[in-house]
Every structure is written in C-alpha cells, then in structure tokens.
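Before any comments, here is the structure.
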Ligand code: HEM
Ligand code: SF4
C-alpha cells in the first residue's frame, strides 16, 4: 500500500525558500513537484510537514473536511516566527473552521458578489486613472510599487469598507507601513494603529449610519446582537490584510511578467478582450500567496499512496499546483492564450478567496489602463536587481520596489 | 441520456445553495446555465442545458470550490476531476 511512504523522507528540504525570479518557483520546489504530488519539507522550527504540489491532490485536500484552518490549534503549522505572534493567530474567517467560518462567510458574501463588484467598476477606474495621472505628472521615473500597486487596492478596500474621505490618507499610509515594514516593531505599531482606527469607526457607525461594509455590519449586526463588536473589527482587518498585499503584489509581479514577455504584452495591448485571460494567466503564474492554504489534518488521510497522519501539517502549494503538467500544457510558459481558471491562486474549498471577483476586476482595469496610457512602460533597472520581499515577512511574494520609466 | 424528445424526470443540473460559498466560478464558466443572485449565491438558470452548454456546465462543476453543483450523470466536480488521478492508495 505505502510503497512510496519512505521515499524522500531522508531529505525534507527547508520551507519556505526564496524565489530567484520574483514570479517563478525556486528550483527545489520544482524538483519536489517533479518527484511526487506530495513531499516532506522542514519548517524554520524544525517541524517536518507535507508540501502538496499536485493540482488534483491539493484540491482534494482543500475540500476535505478532515483538514483544519484553525490557527489557534497548537498543531497548526507556523511558517515563520512572526506567525506565532498573537495577532496572526486570531484571524477570523480565514483561520476558522465550520460552522463558525460559514456563519461569517454568509455575512460577507453579498458584498463580494459579481454584481456588487461590477457596480464598483467606475470607482476602480477613477482610482486607477488617478494614480496613472499622478505617475505621468511626476515622472518618469516612478516606483510602480509605491506609486501604483500599493495605493490602488488600498483605495478600493477603503471604498468597500466605507471609510470616510478624510481618513483615506491615514489609512493608506498605515497600510503601506504595515506591508513594507522591515522590523517586527514597525509592523506591530502600524497594525495596532489600524485596529484602533477601525475600532473607533465601527463604534461610531453603530449610532451614526455610514456606507460600505462597516456601515452595514455595524447597523445590522452589532445593533441586532448577532455579531460581536470585536468580530466586526477583526473582519474589517482581515479584509484589509487579505485583500491589500495580495492584489498589490499581483499588480507589480504581473506587470513584471508582462514586461518580460513583450510578445504576450503586445497581444494584450492589441485586443482589449484579451485582458481577462491575461489576468487569469498572471494569477496562475505569479501565485503571490505561494500557498493555496496551510492546514492541519484532524484525522488520518490516505492520498496518492501516502498517509497523512492526524496532527500533520499540510501546506498546499499554489505555485506548483498551477504548474502541474497533468493540467496545463507547457505549464512553465507564460501564455495569455490559455482558457479556463484551472489554478489555485485563490485557493479552493470553503475558504476560496472571498474577494476574487473584486481582485479580478482591479487587475483587469489596472493592467489595461497602465499599458494603454503608458504603452512604452519599462523597467528602469535590470530585472535581476529587483529586491524580493524579505522571507521573514511570510509567504506572500513580491518586490519591495519596482523602478519604472517610459 | 436525455434526448431532445424525452422529458427528464429531474433537472440534470442542480446546485446546493447550502453548500455554495458564492465564489461565482459557475456563472463564469457557464453563464447560460448559472447565475448569482443578489446575495452572491448560485441560481440555476437552465436545469437541462443542451449539449453545447453541457460541457460548460461540467467545467463549472469542476471549478466550483464548494462542490455545490451536481450533474445528473453522477459526475460532480470533485469526482470528475480527481477520478483521473486515482486518489486512493494503489
Ligand atoms: C490577487 C489578489 C488575491 C489573491 C491572490 C488572494 C488569494 C487568496 C487565497 C489563496 C485565499 C485562501 C486562503 C486559505 O484557504 O487559507 C484567500 C482567501 C480570502 N481572501 Fe483573497 N486573494 C486576493 C484578493 C483578495 C481581496 C481583494 C479580498 C477582499 C477585499 C480578499 C479577501 C479574502 C478573504 C476574506 C479570504 C478568506 C475567505 C474564507 O476564509 O472564507 N482577497 N485569498
Ligand atoms: S461556483 Fe460553486 S460556490 Fe461558487 S457560486 Fe457557483 S455553486 Fe456557489
């Protein structure tokens, strides 16, 4: 039965490892992916866990009820010292199991439906135009991360949450500091400022009505007593944490991938109808979260000839599942002509990204506007000089800076 | 299975709104068969799609992250996709 159980156990390479190209997996992950759909890897604290690199196996596990996303379980795998901190452990929604998870998700789904998101199109277009205008006014050069990729999703999330106009600058600056922090103190203090702010706003919205998600939840739920005040604040924080850095990094790394493939970029520029498929290929290729999920098994699970034991940590590699050659032809190639959505960049199962329709629309508008209005956009430094985000900051991939010119 | 002349006893395409998490993969993959209601949950527009749409419905069932879409051949998304790789220990 378990012929393969021993194979590979001898060498459980360290995880995570830095990407050498910001949007391609490190060699070690590739080798693991070629060897078997499941492998063993070693975390920073010496713990050995499963890394699932096969598309079908990853989907099957993400949909399995015997697998938990609860970060408060002592056996939940910690990927970096930072995640052992208290704040990271109290993640509503993403870090909850049913039935609690489903109650929260039902509360939020209406705000992220395709129809609701489509209504945001003009708002997103305005935001994107604003930052492109600004780049054109002040540059060249520009830092695509700081001047475009970070502020665009921040403004869109402000709109979704319903933040008052006068707070936008503060919110954007604090979110940027949270994401670009290089020390634990910096990220902690920015995080606390944001929580304090969201807390005060949610309190105000209980008596004084307001727009957006915070306004609606404060009215309907806190007043009605089904959602606690602290959960409301945590929900707002999770939307920020889950939606800002991911979208910002995908804008930056997607721009990089497009610039690296001029023939693909030209195809996209020539045909506006090709943009959604280009977005899908960017998502598949850059897989900014690297992992489609991190879980712990709550029972023994047989899969692909191996046995995951109760209590084992299980990491689902979106980066590698997206390159599974059983699913994609020439999976290594960046090709905007692919059809379908067979990637795990938004995860799979009950936790599949709540904000995916919003993210897709943001990316579509960001790429099409950027490359229409600045058609000769290019990197101002050689691609191999772009500084990757430090590993200690977790598994979200990205670059700290991206100097561009035109 | 169901000819144009025959009337199916049950729709061939059903969706479980209790399982649905509102991810909208279905409305993307098969817009003639599925839609999302205002709250973001799946609605089946056409329970007995023609052969042209059947493939799209299969793709929707495959992509649905919550395995909320049932196709009458017993081929729901998970089985359809994962059956190929033989998930059980050999
Ligand atoms: C390109 C951008 C994005 C990527 C790559 C991305 C990726 C992901 C992934 C992989 C998951 C699953 C995590 C897991 O199963 O453990 C997830 C969940 C989630 N995402 Fe996104 N996301 C993006 C944008 C957004 C946006 C814009 C929002 C909201 C404004 C958002 C909100 C969420 C939330 C709330 C969850 C948790 C859902 C649940 O647990 O039910 N994401 N995202
Ligand atoms: S794809 Fe599945 S979860 Fe998503 S809306 Fe359709 S039925 Fe619901």
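The values are calculated or read from the model by the stated rules, or taken from the named source; none is laboratory data. Owing to the predicted nature of the structure, the values given are computational and were not obtained by experimental measurement. Virtual Cβ from ideal backbone geometry, glycine too; neighbours counted across all protein chains shown.
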Fill in the blank from the handout: When residue B:45 is run through (1) at pLDDT 90 or above; (2) within 16 Å of ligand 1 (Cβ to nearest atom), the failure sits at (2)
Fill in the blank from the handout: By residue number, the members of the range A:89-130 that are more than 16 Å from ligand 2 (Cβ to nearest atom), crowded, with 17+ Cβ neighbours inside 10 Å and free of Cβ contacts under 8 Å to residues at least 24 places away in the same chain are none
Exercise for the section: Those residues that are more than 14 Å from residue B:24 (Cβ to Cβ), within 11 Å of ligand 2 (Cβ to nearest atom) and touching a residue at least 40 places away in the same chain (Cβ under 8 Å), I need them from the range B:58-71; list them, please. Expected result: B:67, B:70
Practice task
Quick one: which residue in A:350, A:365 is assigned to a helix (DSSP H, G or I) and under 24 Å from residue A:55 (Cα atoms)?
Solution key: A:350
Exercise for the section: Check whether at least one residue in the range A:358-369 is out of contact with any helix residue (DSSP H, G or I) (no Cβ under 9 Å at 6 or more places or on another chain) and away from every other protein chain (no Cβ under 14 Å), and report yes or no. Expected result: no
Completion exercise
Of (1) buried (at least 20 other Cβ atoms within 10 Å of the Cβ); (2) under 30 Å from residue A:388 (Cβ atoms); (3) over 21 Å from the mean Cα position of the chain (by Cα), residue A:163 fails just (2)
Exercise for the section: Name the residue, out of A:321, A:331, that is within 13 Å of chain B (Cβ to nearest Cβ) and within 21 Å of residue B:59 (Cα to Cα). Expected result: A:321
Problem - Scope the range B:24-42; condition over 10 Å from residue A:113 (Cβ atoms), near ligand 2 (Cβ under 10 Å from one of its atoms) and more than 11 Å from the chain's Cα centre (by Cα); matching residues - result: B:28, B:35
Practice task
Among the residues of the range A:57-88, count how many are modelled with pLDDT of 95 or more, buried (at least 17 other Cβ atoms within 10 Å of the Cβ) and either on the phi > 0 side of the Ramachandran plot or more than 12 Å from chain B (Cβ to nearest Cβ) (or both).
Solution key: 3
Exercise for the section: Examine the range B:48-62 for a residue that is more than 16 Å from ligand 1 (Cβ to nearest atom), at pLDDT below 90 and within 14 Å of chain A (Cβ to nearest Cβ), and state whether such a residue exists. Expected result: no
Exercise for the section: Tell me which residues, restricted to the range A:109-153, are within 22 Å of residue A:179 (Cβ to Cβ) and within 12 Å of chain B (Cβ to nearest Cβ). Expected result: A:112
